[in-house]
Each structure stands twice: as C-alpha cells, then as structure tokens.
Amino acid sequence: MQIKKNDIIELEITEITGQGSGIGKYDGMAVFVPLTAVGDKINARILKVKKNYAFGKIENIITPSKIRIEPDCECYSKCGGCVFRHISYEEELKIKKQRVYDALTRIGKIENFEMNDIVGSDEPNGYRNKSQIPVGKDKYDHVVMGFYGNHSHRIVGSGECRLHPKEFDEIVEIFKSWLDKYKIPVYDETAHEGLIRHLYLRHAKKSGEIMICPVVNGSNLPNKKELLDALTNHSDKITSIVLNINTDKTNVVLGKKCVTLYGKDFLTDELCGLKFNISPLSFYQINRDQTEKLYSIAAQYADLNGTEFLIDLYCGAGTIGLSMAKRTKNILGIEIIPQAIENAKENARLNGITNAQFICSDASKAAEDLSKKNLRPDIVIIDPPRKGCDKTVVDSVCKMSPTRVVYVSCDPETLARDLAVFEEKAFKVNKVTPVDMFPRTPHVETVVQLSSIMNP
C-alpha cells in the first residue's frame with residue numbers, strides 16, 4: 001500500500017545516515033527518521049513522500065535500541081546542532097568512521113588504502129571555542145537567542161548548550177537582558193530591518209580569554225557603555241569586545257568590518273606549543289584539543305625530515321603550517337582572507353618563525369601561478385572549506401608534482417570526489433584517519449596521505 005503524508009507506520013531502524021537520520025524500510029521504501037538508533041522499533045508519522053523514499057518523525061518508540069541513551073539536553077530534539085545525543089558516543093564514532101570509508105570507496109572508488117580507527121574526543125562536551133548565536137523575535141514578539149532549528153531559520157532558545165563553554169551561556173543571558181532592558185531593535189532578515197543580527201563568541205581554551213562580538217546591521221551600538229560595563233564587570237576573562245558591521249542582505253554571519261570597543265583586537269591561544277593571535281574573521285579550528293591530535297596526524301603523514309619546501313593551501317591563520325615549521329626548510333601559506341593572512345604573519349613573528357611566508361590569494365589562482373612558475377614543493381597541505389577543492393586546485397597541485405599531499409577534509413563526500421581526481425592524475429591514497437572534531441554533531445574531519453606515483 002502506498003504511504004502518504006500523516007500516515008503512521010511501524011518501522012524497524014536498520015541503518016543510520018552520516019547526517020544522523022535512521023533508515024527503516026516499509027514495503028521496500030526507505031523512510032528516513034531523525035533521532036532514531038539502529039535497533040529501534042517505532043511508530044513513525046510520515047511528513048513527506050517522494051517517489052522512492054519518504055521522511056518521517058517518531059510518533060512513539062515501541063522498543064528502544066540497546067545503543068540508545070537518554071539525551072542530556074532539553075533542546076536537543078528542536079535544535080539543529082547535535083544529531084547523536086540519543087546514542088552512546090562509542091556508537092557515534094563507529095557511524096562516523098563508516099561514513100568516511102563508504103564515501104571513499106563508493107563515491108571516490110578508492111581502493112587498497114590503510115583505513116585507521118577514528119580518533120575520538122576525550123571530552124565530547126564543552127569543546128566549541130566559537131559560537132554564532134542568532135538574535136530574533138518569537139511569535140509573541142519576545143527577543144529570542146539560541147540556535148536555528150534543523151533545516152530552518154527558526155531560532156530555538158537554547159538556555160544552555162552542552163557543546164560550548166558555560167561562560168558563553170552566562171554572556172548570552174547578560175546580552176539578552178541588555179537587549180530587553182534598553183529595547184534594542186533586533187534584526188528581521190525578511191524585511192532587512194533592525195540592528196542586532198548575531199552574538200558571536202570566541203574562547204581561547206589555553207589562555208582562558210573570551211572575545212564578544214555583536215554583529216549589527218548598522219554602524220553604531222546604542223547604550224554601548226551599559227553593555228560594556230555589564231560584560232566587563234561579569235568576568236575578567238573577557239579581554240576583547242569587537243563590533244562587527246554586516247549591512248548586507250545575506251545569511252553570512254560576519255561582515256568584513258570590525259571596530260574594537262574594548263580590549264584587544266584578537267585573542268591569544270596556544271596550540272601545538274605555539275601561540276596564535278585570532279581575530280574575529282580568522283579561521284581557527286573549533287575544537288582545540290582535537291586539533292592538536294589532527295595536526296599530529298597531518299605531520300606524521302607529511303613525513304618531514306627538515307629539508308622540505310611545504311605549501312599550505314587554505315592556510316587560515318597559519319596554524320597547521322606553522323605547527324610543522326621546525327621540521328621543514330621553508331613554508332608558503334596561501335589564504336584568500338586578508339585579515340587571516342595578517343594574523344598568519346603575526347603568528348609567525350609571535351613564535352620567532354622565520355622560514356614561513358604567507359600570501360593573500362585565491363587557492364585556485366595561487367596554485368595555478370605556482371605551477372606555471374615550475375615551483376616544485378616537496379609537500380602540499382590542503383585544508384579546504386566544506387565544498388572541497390576547485391578542480392583547478394587539484395590540477396595545479398598535481399602539475400607541481402609534490403612527493404606527498406596531505407589532505408585535511410571536513411566533508412567525506414567532497415573529499416572522496418577530490419581524491420578520485422588525484423588518483424586519476426598519478427597520485428595514490430595511502431592512509432586515512434578520521435578525527436572526531438565535532439562530537440554529537442554529524443560532522444567528521446579526515447586526514448589523508450597521498451603520494452606521487454610518478455615522483456615517489
């Protein structure tokens with residue numbers, strides 16, 4: 001019988017997708033149901049029906065899976081952040097490792113590589129050193145701050161988020177009280193009216209420093225003194241308050257202009273024994289402790305002996321390249337964001353590193369220019385955004401003919417696509433290690449070692 005919207009059907013969950021939804025079969029049709037676990041027997045209400053599959057939600061659980069646990073967050077089922085908080089962390093790691101393996105073998109058709117165990121986190125809570133908290137109004141016209149609901153721009157008031165430091169929750173409450181007390185207008189993305197768009201927070205775990213960054217649709221902040229007093233009186237860990245100006249009609253959180261209202265323009269954190277200055281616009285890995293593990297694996301895969309010329313594409317604030325500087329002859333970092341490049345240069349100076357240069361350029365153009373100059377690096381590190389590499393980047397890297405490429409990826413599917421192109425162009429995937437940078441969410445990081453077949 002053909003199922004239709006609002007039908008209630010009985011399902012046994014037999015698989016979990018990489019994005020965290022359970023899959024059950026009903027008359028041969030796959031039905032995707034969030035917040036389920038393999039082994040659950042449920043009644044599901046059908047929400048949407050496509051030609052060969054359907055989407056549903058839990059109506060009730062008939063028999064719970066053995067791997068199911070009680071979620072420890074009241075917002076979990078509404079917020080779009082975590083997807084695995086209802087299953088044990090050990091099972092989550094298995095799912096993520098399998099996702100990486102399936103992507104590489106099914107999408108990339110990669111064969112004969114060493115698949116290592118996923119590197120789990122010692123602390124799967126409180127690890128986020130950055131939060132972007134949207135500000136809006138609920139249906140009663142009350143100010144609400146939290147996170148977007150799954151697949152929506154509806155803000156779910158979080159109260160307390162298990163993923164970021166407790167200090168962030170306290171700052172959110174102070175900020176919200178200021179908004180309410182002084183009737184500060186919040187942003188309406190439909191009308192492109194109102195002032196406060198987001199509250200952007202950063203935390204340097206090693207130093208303890210906190211940066212607070214209100215994002216505004218304007219150029220000024222009313223009742224600024226009252227906000228600064230409330231925040232700075234709350235904690236001496238708050239060392240930087242920066243106004244970010246974003247007047248564009250966009251869902252991009254940060255604008256390009258920052259104005260420091262209090263303290264420093266940046267935070268200082270320590271990673272892999274080095275100090276790093278991080279501005280609001282700088283890329284910096286979300287999970288510091290897991291980043292140290294990831295960079296250690298990347299260094300092992302680079303297999304450095306101190307004589308190599310290393311190119312670090314998509315270098316951000318220079319963290320990954322600078323962490324390897326003492327084991328290379330020269331480093332060239334490339335990044336498109338000007339402020340990140342300035343941070344990278346400052347970070348090199350801060351740590352007394354003199355064998356690293358950084359240039360501001362699009363990765364595709366820079367890789368192509370270097371290839372045309374017949375510049376031959378020994379090692380290329382690639383750490384692209386979620387969309388992966390532009391094909392011209394892969395082409396140009398291959399033309400430079402490095403001995404090894406170390407690819408650090410935050411998306412297994414785009415990674416698999418790019419690795420397939422590398423293998424077409426005389427590179428071989430040798431080793432793969434997933435790293436759980438974002439526990440309880442669907443995301444997984446992966447480090448891959450490739451070697452040149454033509455230039456071993």
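The Cα atoms of the chain cover 62, 62, 38 Å along the three principal axes, with the biggest extent listed first. Residue-wise HN-Hα couplings along segment 430-435, as the Karplus relation 6.51 cos²θ - 1.76 cosθ + 1.60 with θ = phi - 60° gives them from phi, are 9, 10, 9, 10, x, 10 Hz; Gly and Pro carry x. Which of rounded, prolate or oblate describes segment 8-68 when judged by the alpha-carbon gyration tensor and an a/c cut-off of 1.5? Because a/c hits 1.5 or more and a/b exceeds b/c, segment 8-68 counts as prolate.
Exposure proxy ranking for His153, His198, His86, based on other Cβ atoms within 10 angstrom of each Cβ and starting from the fewest, stands as His153, His198, His86. One compactness figure for segment 1-150 is 1.21, namely its Cα radius of gyration divided by 2.2 N^0.38 Å. Taking 29 Å as the straight-line reach from the Cα of Lys373, the lysines in range (excluding those fewer than 8 positions away in the same chain) are Lys326, Lys329, Lys345, Lys365, Lys387, Lys391, Lys399, Lys425, Lys428.
Annotation: amide H-H contacts under 5 Å for Val435 (H modelled 1.01 Å from N, sequence separation of 5 or more, or interchain): Val119, Glu445, Thr446, Val447.
Cross-link list Lys78/Lys183; Lys137/Lys176; Lys137/Lys181; Lys25/Lys57; Lys5/Lys78: which exceed 18 angstrom alpha carbon to alpha carbon? The partial results should precede the final answer.
Numbers: Lys78/Lys183 27 Å; Lys137/Lys176 12 Å; Lys137/Lys181 15 Å; Lys25/Lys57 14 Å; Lys5/Lys78 21 Å.
Violating the 18 Å limit, Cα to Cα: Lys78/Lys183; Lys5/Lys78.
Bear in mind these aren't lab numbers, they're just calculated from the coordinates by the rules spelled out. Owing to the predicted nature of the structure, the values given are computational and were not obtained by experimental measurement. Cβ coordinates were reconstructed from backbone atoms using ideal geometry, including for glycine residues, and neighbour counts include every protein chain displayed.
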